[in-house]
Amino acid sequence: EFSPSSPTLSPSENLLITTNGGIGSKTFSLISGPGSITPLGLFTAPTGAATSVIRVTDSRSNTKDLTLLTTGGFNIFPTTKTIYQNQTFQFQLSGGTPPYIFSISSGVGSVDSNGVFTSSSAGSTVLTATDSVGATQSASITTLPILSISAAQTTIPPNSSLQVTAQGGVSPYS
């Protein structure tokens, strides 16, 4: 029996595989797929998504195989985004193992199943994407208040000035 029994790895991750049972000393070998393994069981995952099969052989030539899944590099783009209230923005994913689930880890706003974030009020938000094997990636979102201006009067005579007040947005104003 292997430990871990059905591992999923990230690209280039190292994993020490151990076994229980068998007779005498054991030797590990890679029998299919990319990656590498030392005779003592240290597996190095490939740089991209793949399935690899490791074989352990004991001193009596008994064998047992273990299938390892390496997920593709899982990334969210962009990892930081600044938008204004009531705007939407679609986050993109690459790699990982579909299907994906998007969620709001903290802050305000909402996200749909396609990664479209809708801001609701000013503040900070962390959006998280999770793939089907549990790998996660997060993006930080800053939502700024909408800029608005107001004036005490809306009609002014020629050659006069009008004082306006700005709210929201990001100061200083010009």
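Take the conditions (1) at pLDDT below 95; (2) open to solvent by 50 Å² or more (accessible area, probe 1.4 Å); residue 89 misses just one of them, which is (1). Listed by first and then second residue, the pairs linking a residue in the stretch 82-99 that is under 16 Å from residue 138 (Cβ atoms) to a residue that is assigned to a loop (DSSP other than H, G, I, E, B) and of a type in the set (D, E, K, R), with Cβ atoms under 9 Å apart and 6 or more places separating them unless they lie on different chains, are 93/131; 95/131; 96/131.
Of everything in the stretch 87-112, what is part of a strand (DSSP E or B) and hydrophobic (A, V, I, L, M, F, W, C)? Give them in sequence order. Selection gives 89, 93, 101, 102, 104, 111.
Number of residues in the stretch 137-174 that are within 30 Å of residue 104 (Cβ to Cβ) and without any contact (Cβ under 8 Å) to a residue 12 or more places away in the chain: the value is 1. Scanning the stretch 39-76 for residues being in a strand (DSSP E or B), open to solvent by 50 Å² or more (accessible area, probe 1.4 Å) and either without any contact (Cβ under 8 Å) to a residue 24 or more places away in the chain or touching a helix residue (DSSP H, G or I) at 6+ places or on another chain (Cβ under 9 Å) (or both) gives a total of 2.
Screening residue 115 against (1) touching a residue at least 60 places away in the same chain (Cβ under 8 Å); (2) over 30 Å from residue 26 (Cα atoms) leaves a single unmet condition, (1).
The values are calculated or read from the model by the stated rules, or taken from the named source; none is laboratory data. What you are looking at is a predicted structure, and each value in this text was computed from that prediction instead of being measured. Quick reminder, even Gly has a Cβ in these numbers, built from the backbone with ideal geometry, and neighbours come from all protein chains shown. Each accessible area value is taken on the protein alone, full model and side chains, heavy atoms only, with ligands, DNA and RNA left out. Shrake-Rupley method; radii C 1.70, N 1.55, O 1.52, S 1.80 Å.
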